[in-house]
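This report concerns only the one structure given below.
Bear in mind these aren't lab numbers, they're just calculated from the coordinates by the rules spelled out. Predicted model, so just to flag it, every value in this text is computed and none were measured. Quick reminder, even Gly has a Cβ in these numbers, built from the backbone with ideal geometry, and neighbours come from all protein chains shown.
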Number of protein chains: 2
Amino acid sequence: MSAGLSSGQDAEGILGHRAGEAIAAIAPSLEVIGTAINGENKLLLPGFFNAHSHSSEMWQRGIIPPLPLELWLAQLYDFAPLDLEKVYLSALGTAVETLFSGGTSVVDHLILIPGKELETIATAVRAYKEIGIRAFVSPLIQDESMTAGIPSGETKQNHEAYFRSTQATLELIEEAVRQFHRPDEGMSILVAPTGIQLCSDALFQGCIELSDKYNLCRHSHLLETKAQEKLAQEKYGCSAVEHLGRIGYLGDRTSLAHCIHLTDTDIAILAETKSTVVHNPLSNLRLGSGIAPILKYRQAGVNVSFGCDGASSNDSQDLLEAIKIGSILHNITDFDYQHWITPRQSVEMASLGGAKGLNMADKLGSLTVGKKADLVMYDLTSLSLLPRTDPIGLLILGRPTNAVESVWVNGKQVVANGKVTTINVDDLRQQLYDHSQWDTKRKSQTVAQLEAYYRTVMDLL
Amino acid sequence: MSAGLSSGQDAEGILGHRAGEAIAAIAPSLEVIGTAINGENKLLLPGFFNAHSHSSEMWQRGIIPPLPLELWLAQLYDFAPLDLEKVYLSALGTAVETLFSGGTSVVDHLILIPGKELETIATAVRAYKEIGIRAFVSPLIQDESMTAGIPSGETKQNHEAYFRSTQATLELIEEAVRQFHRPDEGMSILVAPTGIQLCSDALFQGCIELSDKYNLCRHSHLLETKAQEKLAQEKYGCSAVEHLGRIGYLGDRTSLAHCIHLTDTDIAILAETKSTVVHNPLSNLRLGSGIAPILKYRQAGVNVSFGCDGASSNDSQDLLEAIKIGSILHNITDFDYQHWITPRQSVEMASLGGAKGLNMADKLGSLTVGKKADLVMYDLTSLSLLPRTDPIGLLILGRPTNAVESVWVNGKQVVANGKVTTINVDDLRQQLYDHSQWDTKRKSQTVAQLEAYYRTVMDLL
């Protein structure tokens with residue numbers, strides 16, 4: 001792709017040339033090659049990263065009642081979609097909402113259909129390629145059964161063995177890497193054990209080996225709940241961060257979702273290892289998990305990016321909403337406003353912060369000559385971005401609606417005039433409609449079975 | 001207005017008749033009088049209340065940097081719009097965003113242009129009548145100067161007298177009541193001293209008298225910041241709630257915005273006096289004011305409704321966003337999820353809770369025969385409300401976008417097919433554009449003057 005981009009007199013923006021996949025030049029005045037794009041009343045920013053999601057949760061958004069993670073998860077898995085068509089549609093839906101809220105990249109911590117693991121991955125890969133978003137498909141793996149994720153407290157628990165062996169799981173991931181890992185084409189596979197609560201050290205070790213062998217990024221949930229904090233102590237006799245540090249899982253291509261219940265020592269370890277925190281503020285509120293100490297991370301030099309988390313715990317995939325709430329939420333945690341996140345810092349966290357966490361800061365995350373053209377152009381005449389004030393301030397602190405006018409990923413335009421150009425979104429809506437039904441009475445068997453135990457162990461009497 | 005309303009087979013909704021202003025009947029099957037409205041794939045709910053806003057703040061949304069209330073306010077007033085045309089346009093803008101996010105009523109704690117106080121009120125009244133939203137215009141009054149709102153701590157401060165006398169202010173409000181207070185026509189005037197931080201007891205007393213004489217609701221800010229909590233102790237030697245209770249300002253037609261820094265004793269007083277708390281979660285985060293103890297209010301039986309607060313501290317007027325965040329935010333304040341707010345409770349707080357706080361629960365706030373037809377119909381085929389799950393859960397927990405299909409206020413349709421029918425929104429956008437300019441370098445003189453003093457008094461050294 002090759003185009004000139006002109007910006008309006010007053011709007012912030014760039015004049016740039018994009019040749020092929022990369023930004024070729026940025027200057028106040030350039031000769032137009034190809035089609036010039038009128039940037040008057042527009043704001044051009046680097047694409048943001050939806051740095052943690054689970055696409056198939058879209059099928060249950062809005063329906064899981066207010067519950068903490070462990071019980072919410074039980075309900076989620078009771079009704080997880082088991083057909084590939086649904087995986088395909090929710091990957092598209094996740095991508096559409098991400099694109100329309102400033103995102104050009106999505107990290108999909110993909111829930112695998114048992115017995116159809118590779119097909120699940122292939123399906124999500126196909127959806128993301130079709131729509132043209134940059135994707136980091138991170139097959140969600142574990143090797144311990146669900147009940148092992150709840151601390152046992154005083155009780156003695158025996159857990160069923162997980163249905164698939166650690167070795168088989170690792171082979172599966174290696175096969176996915178061989179088939180689908182093509183970072184230059186905008187499709188990466190990550191190693192992504194779900195977290196210390198459901199994974200053995202052997203699984204983490206195997207992932208480290210794959211990561212080293214194929215230069216893969218590493219992803220995981222980390223200390224999302226108090227229950228997990230408690231469990232780590234039971235399991236390792238130290239914090240989860242210390243343990244992951246010791247076994248070598250942390251590093252500059254490791255991104256960790258949530259990171260709520262960390263000590264100052266843990267934070268120092270994240271900083272030292274150059275690990276990235278993915279902040280999922282809406283999910284953390286929705287599940288009552290807590291407020292991640294984001295201002296402390298920033299002060300300690302830990303890289304932070306934003307994620308929507310899966311749509312069942314958000315219950316949307318609007319990245320700008322996650323960025324807004326994930327920025328202003330922390331103003332109540334530190335009385336000194338000089339530490340608060342400014343809108344321009346939010347933009348940098350959402351773009352460059354996301355790129356750093358995926359080890360691609362040299363290729364993505366800013367409007368820099370030579371970097372890949374992952375760009376979003378906002379229409380500053382959207383009612384939600386008027387009156388004219390500080391366009392970046394209003395984009396981050398307001399509630400932009402119908403504001404994304406154009407999106408380019410890897411130099412290819414995937415949204416033009418506020419419409420996705422690569423797939424038919426009306427068809428997608430119809431398919432989402434056809435594959436679902438309204439339900440206001442749903443009950444989870446597993447929640448009913450687990451709840452009394454959970455309340456006892458967590459001292460909710 | 002007179003119409004039948006039919007609902008789809010699976011969607012929640014009502015079949016109803018609206019004759020004139022009121023809901024005439026609700027039944028599974030009714031003879032259609034007038035135009036039938038197809039409710040297939042729609043969700044019909046009572047209109048929500050944007051129970052606290054300041055419309056003219058729209059002119060500064062997105063531009064005030066992250067600052068606590070007292071410094072933020074200094075910047076707000078440095079650049080407050082002083083012309084009536086802007087007051088008119090921002091009232092329309094506030095109304096449009098409220099309507100498109102489920103609101104049919106707005107409480108506008110209206111900032112008055114000095115010297116043009118009655119004209120400011122007249123202008124806002126005109127805008128709200130034109131667009132057809134139900135309005136509770138609450139002229140923001142005070143009789144102490146801005147610096148009096150910051151606690152003096154150890155220092156001894158003398159404050160300039162306020163430019164208008166208490167008596168003149170009360171006369172102004174009485175005149176506004178005579179000219180504009182027409183509750184049956186959807187236009188009410190409230191007495192609305194800004195808060196204990198800038199108002200004398202004489203002003204509160206005068207407002208109580210006007211409220212009793214004309215049966216007006218009462219509104220005020222209350223304990224939004226730690227600084228105000230400190231100031232109340234300096235000023236009265238007791239909490240602000242105790243003081244307002246003693247002087248008789250509290251009661252079942254009193255609504256109080258923010259209510260963050262209250263003790264259990266204060267909460268008991270609010271419950272006993274049947275006062276209403278208006279929760280403005282986004283503003284409370286944005287300004288770092290804190291988390292209002294909403295779950296405690298609900299447990300104590302205090303009525304709670306939602307507000308966007310002014311657009312400079314939000315920075316939007318999307319009521320559904322305020323409801324979502326104002327619901328899930330509290331999950332982190334109480335580990336027992338059985339106390340968390342469910343989506344159906346959120347709907348009731350936003351509708352009936354709003355009506356109660358304005359002493360109109362007998363006329364508004366629910367789908368009840370005989371109540372006024374303030375109704376919002378959502379399009380459940382909006383991408384943001386798909387796939388089909390629990391429509392109310394997804395409306396509240398998701399991020400509904402382009403989801404409001406129709407709105408009726410007092411039986412009159414003001415939104416149809418997702419378009420405002422009463423004003424031209426494209427013209428409004430053009431006007432907002434024309435009356436503003438982008439600015440990324442703005443600095444506030446008053447903040448520069450106040451900041452060192454604020455940091456000393458608030459122990460930010």
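Under a Cβ-Cβ cut-off of 14 Å, what is the net charge of the residues other than A:Ile269 that fall near it, where Lys and Arg count +1 and Asp and Glu count -1? Don't skip to the answer; put the middle values down first.
Values: positive: A:Arg246, A:Lys274, A:Lys296; negative: A:Glu242, A:Asp252, A:Asp264, A:Asp266, A:Glu272.
The answer is -2.
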Around B:Ala161 (Cβ within 10 Å, Cβ-to-Cβ, excluding B:Ala161; K/R +1, D/E -1) the net charge comes to -2
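What does the average come to when, for each residue of peptide B:421-434, you count the partner chain Cβ atoms lying within 10 Å of its Cβ?
Working: counts 0, 0, 0, 0, 1, 2, 0, 2, 6, 2, 2, 6, 7, 2.
The per-residue average across the peptide is 2.
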A correct Karplus calculation of ³J(HN,Hα) over the stretch A:24-34, with 6.51 cos²θ - 1.76 cosθ + 1.60, θ = phi - 60°, whole Hz and x for Gly and Pro, returns 8, 7, 10, 7, x, 8, 9, 5, 7, 10, x
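What range in chain A is the longest one free of trypsin sites (Lys or Arg not before Pro) that are in a loop by DSSP and have at most 12 other Cβ atoms within 10 angstrom? Don't jump to the answer; show the numbers that get you there.
Numbers: sites that count: A:Lys156, A:Lys441, A:Lys443.
Longest site-free region, per DSSP loop and neighbour criteria: A:157-440.
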The alpha-carbon center of the stretch A:125-142 and that of the stretch B:24-44 are separated, in whole Å, by 44 Å
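Strictly greater than 23 Å: what percent of every Cα pair in the stretch B:294-411 meets that? List each step's numbers first, then the result.
Numbers: 2422 of 6903 pairs.
Summing the P(r) tail past 23 Å for the stretch B:294-411 gives 35 percent.
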Rounded to whole Å, √(5λ) for the Cα gyration tensor eigenvalues of chain A, largest first, gives 36, 24, 22
Which of A:Lys116/A:Lys213; A:Lys86/A:Lys116; B:Lys42/B:Lys419; B:Lys372/B:Lys412 exceed 18 Å between C-alpha atoms? The answer is A:Lys116/A:Lys213
Sorting from shortest, the nanometre distances separating the label point of A:Arg442 (7 Å past Cα along the line to Cβ) from those of the same residue in the other copies are 4.4
The summed charge of the A:Thr254 Cβ neighbourhood (under 10 Å; Lys/Arg +1, Asp/Glu -1) stands at +2
Check: C-alpha center the stretch B:390-461 vs C-alpha center the stretch A:382-422, spacing in Å is 16 Å
HN-Hα couplings for the stretch B:238-247 via Karplus (6.51, -1.76, 1.60; θ = phi - 60°), in whole Hz with x for Gly/Pro, come out as 8, 6, 4, 5, 4, 5, 5, x, 4, 7
In the stretch B:64-160, taking the dipole from +1 charges on Lys and Arg beta carbons and -1 charges on Asp and Glu beta carbons about the Cα centre, the listed residue (B:Gly153, B:Ala74, B:Ile113) farthest towards the positive end is B:Ile113
Mean other chain Cβ within 10 Å across B:336-349 is 3
Label points for B:Ala416 built 7 Å along Cα→Cβ; distances to same position in the other copies, nm, shortest first, come to 3.5
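When Rg is the radius of gyration of the Cα atoms in the stretch B:89-206 and Rh is its Kirkwood radius, what does Rg/Rh come to? All intermediate terms of the calculation are to be shown ahead of the outcome.
On the way: Rg = 16.0 Å, Rh = 15.4 Å.
That ratio is 1.04, to two decimals.
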Note: the protein assembly as shown, point scatterers on Cα, Debye, no solvent; log10 I/I(0) at q = 0.04, 0.05 Å⁻¹ equals -0.17, -0.28
For A:Ile63, other-chain or 5+-apart residues with amide H closer than 5 Å (H placed, Pro excluded) are B:Asp390
Among beta bridges assigned by DSSP with both residues in the protein assembly as shown, the antiparallel ones amount in percent, to the nearest 5, to 45 percent
Taking alpha-carbon centroids only, the stretch B:219-278 lies from the stretch B:339-374 a number of Å equal to 23 Å
If labels are modelled 7 Å from Cα along the Cβ direction, A:His339 lies from its partners in the other copies at nm distances, smallest first, of 2.6
Phi-derived 3J(HN,Hα) across the stretch A:381-389 with the Karplus relation (6.51, -1.76, 1.60, θ = phi - 60°), rounded Hz, x for Gly and Pro, is 9, 4, 3, 5, 10, 10, x, 5, 10
If one compares the long axis through the Cα atoms of helix B:69-78 with the longest principal axis of the Cα atoms of chain B, the angle in degrees, nearest 10, works out at 90 degrees
Under 5 Å from the placed amide H of A:Ala22, counting only residues 5+ away or on other chains, we find A:Ala373
Packing-ranked peptide list from B:447-453, A:390-396, B:65-71, highest mean Cβ count within 10 angstrom first, is A:390-396, B:65-71, B:447-453
Counting other chain Cβ atoms within 10 Å of each Cβ in A:247-254 and taking the mean gives 0
Amide H contacts under 5 Å for A:His221, restricted to residues at least 5 apart in sequence or on another chain and with H modeled in the peptide plane, are A:Gly195, A:Ala257
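Can you list which of the GluC sites (Glu not before Pro) found in the stretch A:113-165 are DSSP loop residues with at most 13 other C-beta atoms within 10 Å?
On the way: sites: A:Glu117, A:Glu119, A:Glu130, A:Glu144, A:Glu154, A:Glu160; in loops: A:Glu154, A:Glu160.
Those that pass, being in a loop and sparsely packed, are A:Glu154, A:Glu160.
Which value at 222 nm does the protein assembly as shown reach when only helices count, each DSSP H run of 4 or more adding -39,500 (n - 2.57), with the total divided by all residues and rounded to the nearest 500 deg cm²/dmol?
Values: 32 runs with 323 residues, N = 922.
It lands at -10500 deg cm²/dmol.
Report, to two decimal places, the Cα Rg of the stretch A:143-282 normalised by 2.2 N^0.38 Å (N = number of residues).
1.06
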Chain B: relative contact order from alpha carbon pairs under 8 Å, six or more residues apart, as a whole percent, is 20 percent
